[in-house]
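Below you'll find the structure, written out as structure tokens, and then a few comments.
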Amino acid sequence: MIRIQQLTKQYGATRAVDGLTFDVEPGKVTGFLGPNGAGKSTTMRIVMGLDHPTSGTATINGKPYADLHSPLREVGALLDPGAMHPGRTGRAHLRIAARSNGLPISRVDEVIEHVGLGPAARRRIKGYSLGMRQRLGIAAALLGDPQVLLFDEPVNGLDVEGVRWIRDVLRGFADEGRTVLVSSHLMSEMQLIADRVVVIGRGTLIADADVGDILRGPDQRRIRVRSPEADALAAALHEGGQVEHTRPGELVVTGMTATEVGDIAHALRFPLYHLAEIEQSLEHAYLALTADSVEYAVGGPSTSAEGETR
Ligand SMILES: Nc1ncnc2c1ncn2[C@@H]1O[C@H](COP(=O)(O)OP(=O)(O)OP(=O)(O)O)[C@@H](O)[C@H]1O
Ligand SMILES: [Mg+2]
């Protein structure tokens, strides 16, 4: 289990992490989401002892990284797949890591097998594709067979097969009861992988909830309705919710249930050709949650109040 409590990290004038508190529980894949610059990588680096918090704590199984007796046996991370010596073979990279951490060398071939690196393990890292580097990085994270795993954007640049592979690997870890924290900007992927999500913006917590609950959130519910009397129906629905005209004869209603929309249409004797709740996407929910926290938006910085979250 990873526990982040009142974590703050200041870099000069930049507050990268600002009083962040959340737990990452075992047996689940927890997605770590937030706009560029939100503080995800900084938080992960602090958990891994690569950076010091300005205040607050980050612990793994109750201890800060620096106090772990045998760190690689407790936690593994893929943070920056570029940070490997290009002239070494993948196998040599793993052997050095194993030796310097007192892990049995036999683990090297096991993890090479586990990540499917195969014969490429005997080639120099400089000739690796991005996907091969990601696999090697994951192999290194697994060396000590740790119960806690952190992955910073592991699907970045991977091909379709690679993305599926990562999905299966993370799912497998969680099903074995391990703790898995994974950051990504790919919401469709996160919707498939994550059981839970922690959303941050400008270093502060925006949401910490089960993916199912986020998708079912009451203010996220949208109803699609089609009627030849769409305009008149829209006028009647305006009282209860927000109504958007999506195409001729079609409305999308927010803030009402399908039953309420149907009852109003029935009372006014408007024919309905379609009435259904729109299946919620994590992307839609995420955009609504982070609308006020986007620092690097298309078309310039967000004009919303500084630090405002919901
Ligand atoms: N070593 C550093 N020195 C100075 N500022 C830093 C440093 N590392 C991160 N920052 C700043 O801290 C903030 C958070 O950065 P961080 O990399 O943690 O964000 P992120 O959520 O991982 O973003 P992305 O999605 O783009 O990877 C940014 O404003 C960044 O510029
Ligand atoms: Mg990052």
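The values are calculated or read from the model by the stated rules, or taken from the named source; none is laboratory data. Everything numeric here is computed off the predicted structure, so don't read it as measured data. Cβ atoms come from the backbone with ideal geometry, glycine included; neighbour counts cover every protein chain shown. Each accessible area value is taken on the protein alone, full model and side chains, heavy atoms only, with ligands, DNA and RNA left out. Shrake-Rupley method; radii C 1.70, N 1.55, O 1.52, S 1.80 Å.
Measure nothing fancy, just the Cα-based angle from helix 258-267's long axis to the longest principal axis of the chain, in degrees from 0 to 90, nearest 10. With rounding to tens, the tilt is 10 degrees.
For the stretch 94-118 versus the stretch 8-71, the spacing of their alpha-carbon centroids is 26 Å. On the basis of the beta-carbon distance and an R0 of 35 Å, T259 and E25 show a calculated FRET efficiency of 0.50.
Multiplying the residue separation of H274 and Q6 by 0.36 nm and removing their Cα-Cα distance gives an extension gain of 91.7 nm.
Would you mind checking the tilt of helix 90-100 against the longest principal axis of the Cα atoms of the chain, expressed as 0 to 90 degrees and rounded to 10? Roughly 70 degrees between the two axes.
Report in % the part of the accessible area of the chain that belongs to carbon and sulfur, leaving out ligands and nucleic acids; probe 1.4 Å. Its accessible area is 50 percent carbon and sulfur atoms.
Normalising by residue count, the chain has a Cα convex hull of 163 Å³ per residue.
In deg cm²/dmol, rounded to 500, what helix-only [θ] at 222 nm does the chain give when every DSSP H run of at least 4 residues adds -39500 (n - 2.57) and the total is split over its residues?
Values: 11 runs with 101 residues, N = 310.
That comes out to -9500 deg cm²/dmol.
What base-10 log of the normalised intensity I(q)/I(0) is obtained for the stretch 222-279 from the Debye formula, alpha carbons as equal point scatterers, at q = 0.21, 0.22, 0.25 Å⁻¹? After summing over all Cα pairs, the log10 values are -0.64, -0.71, -0.96. Relative to the dominant Cα principal axis of the chain, helix 160-175 is inclined by about 80°. Relative to the current alpha-carbon distance between A234 and D213, full extension at 0.36 nm per residue lengthens the span by 4.7 nm. If the chain linking A288 and R171 were pulled fully straight, counting 0.36 nm for each residue of separation and taking away their Cα-Cα distance, it would gain 39.4 nm.
In this label model, R122 and H52 are separated by 4.6 nm, measuring between points 7 Å along each Cα→Cβ vector.
Sequence gap at least 6, Cα distance under 8 Å: using those rules, report the relative contact order of the chain to the nearest whole percent.
20
Entry comment: accessible area of the stretch 1-105 is 45 Å² per residue, from protein heavy atoms only and a probe of 1.4 Å.
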